[in-house]
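Below: the structure, in structure tokens.
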Amino acid sequence: GLPVSDPAILHRRPLMVRIGNDPEARPQVALNATDIVYEELVEWWVTRFSAIFLTNDPDTIAPIRSARLINQQLTVQYDAALVNSGGSDEVRWELSQTDIVNLDEFYVPGPYFYRPNEGWQTRLAFDATLGREYLDREGLDGNVNLRGFSFSDALDVSTLPADVVSDAKTVTIPYPSQTSEARWEYDDATGRYLRFTTDEPHMDFNGGQVSAANVVIYFADHQDTDIVEDSAGATSIRIIVNGFGPAWLVRDGKLLKGNWETDGRETPRFIFGDGSPMPFKPGNTWVEVVPLDYAIEIDGATQEFEGQIPADDSTGDTDDTGNEAAPVIAPTLTPIGARPQPGN
């Protein structure tokens, strides 16, 4: 939503970078250089980021971590190159069955390097400039046409239905409290939201507190799997971010309630109930992916998604080339089971 020096930048392939968010990973390097960040639950009661870089090419992005099931969907939506340090055998297999550009460190080591004086979980970093040079050499960059969000400099709430707009100066996402609980506080001076994690200012290693022009709360079905992610037996969570679901947009001290939808081949559309686009503020966006039953704290009071998500009968029909089309996976109210609960 912001002007760029060269319009060709907008047709580059985005880099979708897996970044850790366990306590030892903070402060991360280059979070404030992102265009979009998705945050999602992973095993062991922590969250992890899929950070999208399109307009900036930091020479250090860190710490790089492994892929998860959600990246099979998100990478296709954004036609991105996935930057990651590998993954479990099952996750790698699922990624291999998807037509994506996978810059797995084990197969494309060139853009990666180790930071000194860091542990094994936090030492791996990625140089975006070297990554783009690799994409250029392999003919994998350029000619990407993404469907953008709808942007509006000013938010005119008088044009919106009263039942979809409310105040939102402070927004708390109840990820597990001891490791990952996220809070966004609106800063009137800058018109941006400042991020706090476990009640501490969330800082970028390069300086400054992490902030966002927009915060999206993206309600999605979370399903338990038997995919083992580590030697301790922790299992992966399948998060369904294709299809349709509720979305709340927070900007300029206001909460706007609507929906997200995507067929899995394009970036999500964020719309009100009447189908009109939700107006994003020009600037960067953080997307907080949460289970359908999460209660979000807005200005001290909890709010939950209310309603039903319509079923979808799409099963992956073939397209006009005879290949199987990407299925539209509708979220369902599947029991969550032993996934991390708020406050744990």
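Laboratory data are not the source of any read-out in this text; all were calculated from the coordinates shown. Note that this is a predicted model, so its numbers are computed, not measured. Ideal geometry is used to build each Cβ from the backbone, glycine not excepted, and the neighbour counts take in all protein chains shown.
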message = Over 27 Å apart: what share of the alpha carbon pairs of region 189-317 falls there, rounded to a whole percent?
response = 31
ask   = Where does each of 247-257, 116-126 land if you order them by average Cβ count within 10 Å, highest first?
value = 247-257, 116-126
request  = Would you work out the relative contact order for the chain, in percent, from Cα pairs under 8 angstrom that are 6 or more residues apart?
outcome  = 20
request  = Could you pull out which residues in region 96-140 have an amide N less than 16 Å from a spot 7 Å beyond the Cα of Glu200, following the Cα-Cβ vector?
outcome  = 119, 122
query = Just from its helices, what would the mean residue ellipticity at 222 nm be for the chain, if runs of 4 or more DSSP H residues each count -39500 (n - 2.57) and the sum is divided by every residue, rounded to the nearest 500 deg cm²/dmol?
reply = -2000 deg cm²/dmol
remark   = Over all pairs of different Cα atoms in region 1-159, the reciprocal of the mean inverse distance gives a Kirkwood radius in Å of 16.3
inquiry  = Given all pairs of different Cα atoms, what value in angstroms does the Kirkwood hydrodynamic radius of region 70-140 take?
reply    = 13.0
query = Once both labels are modelled 7 Å past Cα along the beta-carbon direction, what's the Asp188-Ala162 spacing in nm?
reply = 2.5
key: Ranking of Thr197, Thr75 by count of other Cβ atoms within 10 Å, fewest first   = Thr197, Thr75
remark   = Over all viewing directions the Cα convex hull of the chain casts an average projected area in nm² of 17.6
inquiry  = Given axes a ≥ b ≥ c from the Cα gyration tensor, I'd like to know whether region 117-262 is rounded (a/c under 1.5), prolate (a/b larger than b/c) or oblate.
reply    = rounded
note = Summing +1 per Lys or Arg and -1 per Asp or Glu among the other residues with Cβ less than 12 Å from Asp153's Cβ gives 0
inquiry  = Run the simple label-point estimate for Arg137 and Ser276 please: 7 Å along Cα→C-beta, distance reported in nm.
reply    = 5.1
